[in-house]
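Q: Here it is, the structure in full.
Quick note: the coordinates plus some simple rules give every number you see, no bench work behind them. The structure displayed is predicted, hence computed values, not measured ones. With ideal geometry, Cβ positions are generated from the backbone for all residues, glycine too; neighbour counts draw on all protein chains shown.
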């Protein structure tokens, strides 16, 4: 049995890695910044593409952690310093941990929609983000405008903070497309008389069942998909929002008034990862996410001995892939411990 | 009044709020498969009419759904109902019935 493996980050990647490691008899400590483990998934109501409750997935992961996992919440890692034969983790509350084997599962942050000023988030009250909408669903509240009215028209804006050189992110965040389709369906389920307009550049339905969900959104829920990147939002005196875009499939500029705008915010590299990268000297890609030793053949290893990467710290990923990646990390950790001097 | 030698041009923007969407609504009600379009252009590429004259069925039914129907009557008459568009559509849009339904809507709305 190997001991003293530290996982930084108790989101779903960290939890999946911890569960797999404890299952094969290894003692793990997970350090989580928030008051509870679960990361971003804690703020989700239902998951794409099957609309199953996010809570079910978290409950499953919580239950599978096993007796060999210790989760310490409400603790933030300040820096990680290499020492002979391992690493010293300095937490902001003064706690210090030493380990020979470290998994970084610090995840990502959401794009700050205020940076896309022309969309009016933080300026117009009827412009919200996909995370705000998910919170409304999660808390069982009604979707309303800022004035408390039922919206008759909702605009859903894809690629906010993604595929956009102007905000410095040229990469695709992968999961916003299907999130937008899912949320469009959920609004229609809640408000059958509300029209939905989704503005997109491409709809990247890359994974299993995604395309079917898109088909369902069109066929069953009559969601209107308009191909064109939103150019700007403008507010009417009644706080409704005028959207301007090019409808690229007709070749015409188009304007349209909606009562509520939902911005599908993408992934950006996590602030905690940035801090740790500095003190450890890990490699970052041009997108700012951490790079593994080899993206094809060693996706969970780094060039530092005993340091592993799990989940969305390496870039945008969905729940399914993140859990799988956490488990894959456990295999790499096991292989390392088995051959490492640290363990002996 | 001083004649400046130019007039006010019509706005080229599609104004979704003001456009008359009666034909669009009739079409969506009677042939809802039109909403499945993903704008791939297979229909236009296969179109018998489009090979000979300016006729873009993909663009046409998208314009109709936005309430842009000004030149519609003359345009829709160009279709020869060969049905190739429907054969190639990857989303199963019943395009022949889309055109037939647009014709019916035109009859009803004048």
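Q: Tell me the angle of helix A:210-219 to the major Cα principal axis of chain A, expressed in degrees between 0 and 90 and rounded to the nearest ten.
A: 20 degrees
Q: Give me the number: length gained by fully extending residue A:215 to residue A:83, i.e. 0.36 nm times residue separation minus the C-alpha to C-alpha distance, one decimal in nm. All intermediate terms of the calculation are to be shown ahead of the outcome.
A: Details: separation 132, 0.36 × 132 = 47.52 nm, distance 5.43 nm.
Extra length from residue A:215 to residue A:83 when fully extended: 42.1 nm.
Q: Something else now. Exposure proxy check: A:153, A:208 ranked by fewest other beta carbons within 10 Å?
A: By the 10 Å Cβ count, ascending: A:208, A:153.
Q: Moving to a separate point now. What is the ratio of the Cα radius of gyration of chain B to 2.2 N^0.38 Å, with N the residue count, to two decimals?
A: 1.21
Q: Indicate, rounded to the nearest 5 percent, the antiparallel portion of the DSSP beta bridges found entirely in region A:113-266.
A: Taking every DSSP beta bridge with both residues in region A:113-266, the antiparallel ones total about 40 percent.
Q: Provide the percentage of antiparallel DSSP beta bridges, counting only those with both residues in chain A; round to the nearest 5.
A: Working: 30 of 63 bridges.
So the antiparallel bridges in chain A amount to around 50 percent.
Q: Here's another thing I want to ask about it. Distance from a point 7 Å along Cα→Cβ of residue B:87 to each backbone N in region B:49-64: keep the residues under 14 Å and list them by number.
A: Residues B:49 fall inside that zone.
Q: Could you work out, for region A:213-344, what percent of all Cα-Cα pairs fall into each 10 Å distance bin, beginning at 0 Å and stopping at the bin that holds the largest distance?
A: Per 10 Å bin, starting at zero, the Cα-Cα P(r) for region A:213-344 comes out as 10, 25, 21, 18, 16, 6, 2, 0 percent.
Q: Sort A:165, B:29 so that the residue with the fewest other Cβ atoms within 10 Å of its own Cβ comes first and the one with the most comes last.
A: Ordered by Cβ neighbours within 10 Å, fewest first: A:165, B:29.
Q: Same structure, new question: Once the Cα atoms of helix A:176-190 and of chain A are each reduced to a long axis, what angle between those two axes, in degrees from 0 to 90 to the nearest 10, is obtained?
A: On a 0 to 90 degree scale, this one is about 60.
Q: Describe numerically, in nm with one decimal, the distance between label points set 7 Å from Cα along Cα→Cβ at residue B:13 and at residue B:77.
A: Going by the 7 Å Cα→Cβ label model, 3.3 nm.
Q: Something else: What is the helix-to-structure angle for A:271-280, meaning the angle in degrees between its Cα long axis and the longest Cα principal axis of chain A, kept from 0 to 90 and rounded to the nearest 10?
A: The angle comes out at about 30 degrees.
Q: If you split all Cα-Cα distances of the protein assembly as shown into 10 Å bins from zero, what percentages do you get per bin, shortest first?
A: Over the protein assembly as shown, the share of Cα pairs per 10 Å bin runs 4, 19, 24, 20, 15, 10, 6, 2, 0, 0 percent.
Q: At a threshold of 8 angstrom on Cα-Cα distance, excluding pairs fewer than six apart, so keeping six or more, what relative contact order does region A:113-266 reach in percent?
A: Once divided by the residue count of region A:113-266, the mean separation gives 33 percent.
Q: Return a whole-number percent for the relative contact order of chain A, with Cα pairs under 8 Å and 6 or more residues apart as the contact set.
A: 21 percent
Q: Next up: What relative contact order, as a whole-number percentage, does region A:185-297 give when Cα pairs under 8 Å and 6 or more residues apart are counted?
A: So the answer I get is 15 percent.
Q: Sorted from fewest to most neighbouring beta carbons within 10 Å, what does the list A:334, A:200 look like?
A: Final ranking by Cβ density, sparse to dense: A:334, A:200.
Q: Give me the Debye-computed log₁₀ of I(q)/I(0) at q = 0.16, 0.18, 0.20 Å⁻¹ for region A:113-266, equal point scatterers on Cα only, no solvent, two decimals.
A: Each listed q corresponds, in turn, to -0.85, -1.11, -1.40.
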